[in-house]
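S.K.: Handing you a structure now.
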Amino acid sequence: MPSVADARRRSRLRLVLIAAAILLGLGGIATALVAQHASRPAAAPHAQPVVAPGSPTARSAEAQAQALDRALDRARAAARSARRELTAAIAEATTTLGESEGKVADDAVRRKLHRALDAAADQRRADGVTLDELQEAAARRTATRDTLVEATQDVRTAVRAWQAERDRDAAESEAREDAEADAEAEALAEGWHDAESAARCSAPDQVWTPENGHLPDAALAAVPWSPGHRVRVDVLDGLVDLDAAFRDRFGRHLKLTSSYRTHAEQEALHDPGSDTAAPPGCSNHGTGLAVDVGGGVERFGSTEHEWLQANAEAFGWVHPPFAEPDGRNPEPWHWQSVLAPNSF
Ligand SMILES: [Zn+2]
């Protein structure tokens, strides 16, 4: 917008110029009158301008003209600068419009940008020549550029939102696929587990578990009077108490001949042609809940065996049905915790 000061300056300049023109005009008329009526050419005053160069009036007019020139220069520069900025904004908007095709949830923002671009194209016409025209051109371009930049930003924001939504969907479907794959793997493992159990642990009193023979050391405890043997840590106290009672009765410790067995140890013991040692993964020895006892206990009907039959359960240990004389695999030496799955 032209400032009040500019307007005042222009108004003053106009007055000065008019005054000068009147004075010069009067001088011309005077010169003509003199030429018509005077016989002495030497007296003609045409060589004497009314507004003398260098006079205060002329200096003021010149200063005003220079000020106007400077104002015009500034306005032209501002209009050019606004044109450059508008051109850059148009380029940016055009690129954004192209790149955002099909990448916004609602195309309204793109249509708005398209309209802003159309309007902007009209604003690149000539700058005009007067101060007012130049200043108006600069202001108009700046406003158009602002509208364009805002519409461009809106489209970019919409594209980012669209992309984020897509990323979210992708992550969700990936998570869904992972979950499905996990469920499938679990079902497979379950099936494998069942198949493994059926194939290996043929006896109904045997149940295969993947942990069997793979217990961590922390889950096991060494038997104090027979440190080479280990049982599950939570059944040790009962075994220690049973041993103390046995010692009270017989004056010696329970003689352990086997206890926890690793998968590899069970594998080494197992003979597919014999029932003596269960297949790996099927034996209670792999759970840390079973011991084999010698020292007389390994014979049905012995005093030691009978004593255990009468007293062991009070300490949490039993002789399981499958190992009884009429069981699937008669084993007088095999004793196990009441926590073992086939204890009763
Ligand atoms: Zn056993």
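The values are calculated or read from the model by the stated rules, or taken from the named source; none is laboratory data. For clarity, every value in this text was computed on a predicted model and none was experimentally measured. Cβ atoms come from the backbone with ideal geometry, glycine included; neighbour counts cover every protein chain shown.
S.K.: Take the conditions in contact (Cβ under 8 Å) with a residue 40 or more places away in the chain, farther than 18 Å from residue 339 by Cα and either away from the ligand (no atom under 11 Å from the Cβ) or part of a helix (DSSP H, G or I) (or both) and apply them to residue 275. Does it pass?
M.R.: Judged against the criteria, residue 275 is a match.
S.K.: Quick check on my filter: what residues within the stretch 324-340 are out of contact with any helix residue (DSSP H, G or I) (no Cβ under 8 Å at 6 or more places or on another chain), among the acidic types (Asp, Glu) and within 13 Å of the ligand (Cβ to nearest atom)?
M.R.: None - no residue of the stretch 324-340 is out of contact with any helix residue (DSSP H, G or I) (no Cβ under 8 Å at 6 or more places or on another chain), among the acidic types (Asp, Glu) and within 13 Å of the ligand (Cβ to nearest atom), so the list stays empty.
S.K.: Name every residue in the stretch 116-139 that is of a type in the set (D, E, K, R) and in contact (Cβ under 8 Å) with a residue 24 or more places away in the chain, in order of residue number.
M.R.: 124, 127, 132, listed by residue number.
S.K.: So, one more: For residue 207, which of the numbered conditions (1) touching a residue at least 60 places away in the same chain (Cβ under 8 Å); (2) within 15 Å of the ligand (Cβ to nearest atom) fails to hold?
M.R.: Result: residue 207 fails condition (2) only.
S.K.: Could you grab the pairs with beta carbons closer than 9 Å, sequence gap of 6+ or different chains, first residue in the stretch 326-344 and of a type in the set (Lys, Arg), second one not in a loop (DSSP other than H, G, I, E, B)?
M.R.: Taking only residues 6 or more apart or on different chains, the pairs are 328/321; 328/322.
S.K.: Something else: Of (1) at pLDDT below 95; (2) in contact with a helix residue (DSSP H, G or I) (Cβ under 8 Å, 6 or more places away or on another chain); (3) closer than 24 Å to residue 114 by Cβ, residue 125 satisfies all except one. Which?
M.R.: So residue 125 meets the others, but not (2).
S.K.: Here's a check for you: in the stretch 294-344, which residue that is over 16 Å from residue 284 (Cβ atoms) and among the β-branched types (Val, Ile, Thr) is nearest to the chain's Cα centre (by Cα)?
M.R.: Restricting to residues being over 16 Å from residue 284 (Cβ atoms) and among the β-branched types (Val, Ile, Thr), the top hit is 297.
S.K.: Taking the stretch 317-340, which residues are surrounded by fewer than 18 Cβ atoms within 10 Å (Cβ to Cβ) and either in contact with a Ser or Thr (Cβ under 8 Å, 6 or more places away or on another chain) or farther than 23 Å from residue 237 by Cα (or both)?
M.R.: Of everything in the stretch 317-340, those that are surrounded by fewer than 18 Cβ atoms within 10 Å (Cβ to Cβ) and either in contact with a Ser or Thr (Cβ under 8 Å, 6 or more places away or on another chain) or farther than 23 Å from residue 237 by Cα (or both) turn out to be 321, 324, 325, 326, 327, 328, 329, 330.
S.K.: Here are some residues: 242, 256, 220. Which one is in contact with a Gly (Cβ under 9 Å, 6 or more places away or on another chain), of a type in the set (A, V, I, L, M, F, W, C), within 15 Å of the ligand (Cβ to nearest atom) and touching a residue at least 24 places away in the same chain (Cβ under 8 Å)?
M.R.: 256 is the lone residue from the list that is in contact with a Gly (Cβ under 9 Å, 6 or more places away or on another chain), of a type in the set (A, V, I, L, M, F, W, C), within 15 Å of the ligand (Cβ to nearest atom) and touching a residue at least 24 places away in the same chain (Cβ under 8 Å).
For every residue, the table says whether it meets (1) aliphatic (A, V, I, L, M); (2) touching a Lys or Arg at 6+ places or on another chain (Cβ under 7 Å); (3) in a helix (DSSP H, G or I); (4) more than 10 Å from the ligand (Cβ to nearest atom).
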residue: 292; (1), (2), (3), (4): no, no, no, no
residue: 299; (1), (2), (3), (4): no, no, no, yes
residue: 306; (1), (2), (3), (4): no, no, yes, yes
residue: 309; (1), (2), (3), (4): no, no, yes, yes
residue: 312; (1), (2), (3), (4): yes, no, yes, yes
residue: 322; (1), (2), (3), (4): no, yes, yes, yes
residue: 342; (1), (2), (3), (4): no, no, no, yes
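S.K.: Considering each residue of the stretch 285-307, count those that are more than 13 Å from residue 238 (Cα to Cα), in contact with a strand residue (DSSP E or B) (Cβ under 7 Å, 6 or more places away or on another chain) and among the aliphatic types (A, V, I, L, M), and give that number.
M.R.: The total comes to 1.
S.K.: Follow-up. List the number of the failed condition for residue 266; all other conditions in (1) more than 14 Å from the ligand (Cβ to nearest atom); (2) touching a Gly at 6+ places or on another chain (Cβ under 6 Å) hold.
M.R.: The one condition residue 266 does not meet is (1).
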